Amino acid sequence: KNNFANGRHHQDFLKNISDEVKNNSRAPFVRNFQENYEGGELPLYALVEIFSFGTLSKFYKNLNNIDKKNISLQFGVGYTFLESWIESLSYVRNICAHYGRLYNAKIPKTPILYKEYKEKGIGNNRIFASLICLKHIYDNDLKWNDFVDDLNKLISQYDGVNISTMGFSDNWIEILKK
């Protein structure tokens, strides 16, 4: 409880985790902990396996700032940026998971972008902003450039796609490539 900023949110989180453990009780790693370890409680590294993206976002958001800072250092970003990115990406993930539309959609859970992007006229309420966040999270991931190439091929297949309605700039490939 002392590791979290809001005690009520922490209680809600514990209830959510309890429900997730019950829902995943047939998973081999969950059964293993319940059957073979005293108390049967899953350690955090195992619990994260059953977190939804939304649960992960809420978990991070309610951590004390010092813990947020330590985690965000692993990604080379400030904790306020990472917090907004995770929340925004969770929202986008839910749109995708429920077959929602991202084309020409305004994203209400906006990520905080670096000043360099704002200076280039890039807004934070379209899907392109989410891609910028992912670029920074996937820093040094060689597969990222492959993803950007695949995205370019996909967009090129459709003549009627107006990428500006998704927040893309003319030099979007250059911005997203590492």
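The values are calculated or read from the model by the stated rules, or taken from the named source; none is laboratory data. These numbers come from a predicted model, not from an experiment. No Cβ is skipped: glycine too gets one built from the backbone with ideal geometry, and neighbour counts run over all protein chains shown. Accessible surface is based on the protein model in full, side chains and every heavy atom, while ligands, DNA and RNA are left aside. Shrake-Rupley method; radii C 1.70, N 1.55, O 1.52, S 1.80 Å.
Along the Cα-to-C-beta direction of residue 69, a point sits 7 Å from the Cα; which residues of segment 1-39 have their amide N less than 17 Å from that point? Only 3-5 pass the distance filter. The longest part of the chain holding none of the exposed loop GluC sites (Glu not before Pro), meaning those outside H, G, I, E and B in DSSP with at most 14 other Cβ atoms within 10 Å, is 42-178.
At full extension, residue 152 and residue 41 could sit 35.4 nm farther apart than now, given 0.36 nm per residue minus the alpha carbon distance. Near the amide H of residue 4, within less than 5 Å, lie the amide hydrogens of 64, all on another chain or at least 5 residues away, with H placed in the peptide plane. Here segment 33-178 is treated with +1 on each Lys and Arg Cβ and -1 on each Asp and Glu Cβ, and its dipole about the Cα centre works out to around 640 debye. What the phi angles of segment 169-178 give under the Karplus curve with 6.51, -1.76 and 1.60, with θ = phi - 60°, is a coupling list of 8, 4, 9, 4, 5, 4, 5, 7, 6, 8 Hz, glycine and proline written as x. Between 45, 103, 114, the Gaussian network model of the chain with springs among Cα atoms under 10 angstrom shows the greatest mean-square fluctuation at 45. Just checking the listed ones, 47, 131, 154: in the Gaussian network model of the chain with Cα springs under 10 Å, the one fluctuating most is 154.
Here the accessible area of segment 85-178 is 50 percent carbon and sulfur, with a 1.4 angstrom probe and all protein chains present.
Spin-label pair residue 164-residue 141: with each label point 7 Å from Cα along the Cα-Cβ axis, the two points sit 3.1 nm from one another.
The computed Rg and Dmax of the Cα atoms in Å for the structure shown corresponds, within (1) 19.0, 60; (2) 16.5, 49; (3) 18.2, 69, to (1). Each of 165, 80 has its accessible area taken with a 1.4 Å probe; listed largest first, they run 80, 165. Can you tell me the 0 to 90 degree angle between the C-alpha axis of helix 7-23 and the longest principal axis of the chain, rounded to 10? Rounded to the nearest ten degrees, it is 80. Checking the cross-link pairs 22/61; 15/58; 109/153; 22/109 against a 21 Å limit on the alpha carbon distance flags 22/61; 109/153; 22/109 as lying beyond it. Calculate how steeply helix 143-156 sits against the longest principal axis of the alpha-carbon atoms of the chain, using the helix alpha-carbon long axis, and give the answer as 0 to 90 degrees to the nearest 10. The two axes meet at around 50 degrees.
Heavy-atom accessible area for residue 55, with the other protein chains in place and a 1.4 Å probe, reaches approximately 10 Å². Placing 14, 89, 102 in order of accessible area, with the largest value first and a 1.4 Å probe, yields 14, 102, 89. Using the 1.4 Å probe convention, the accessible area of the chain works out to 64 Å² per residue with neighbouring protein chains retained. Taking the longest Cα principal axis of the chain as reference, the axis of helix 79-97 is set at about 80 degrees.
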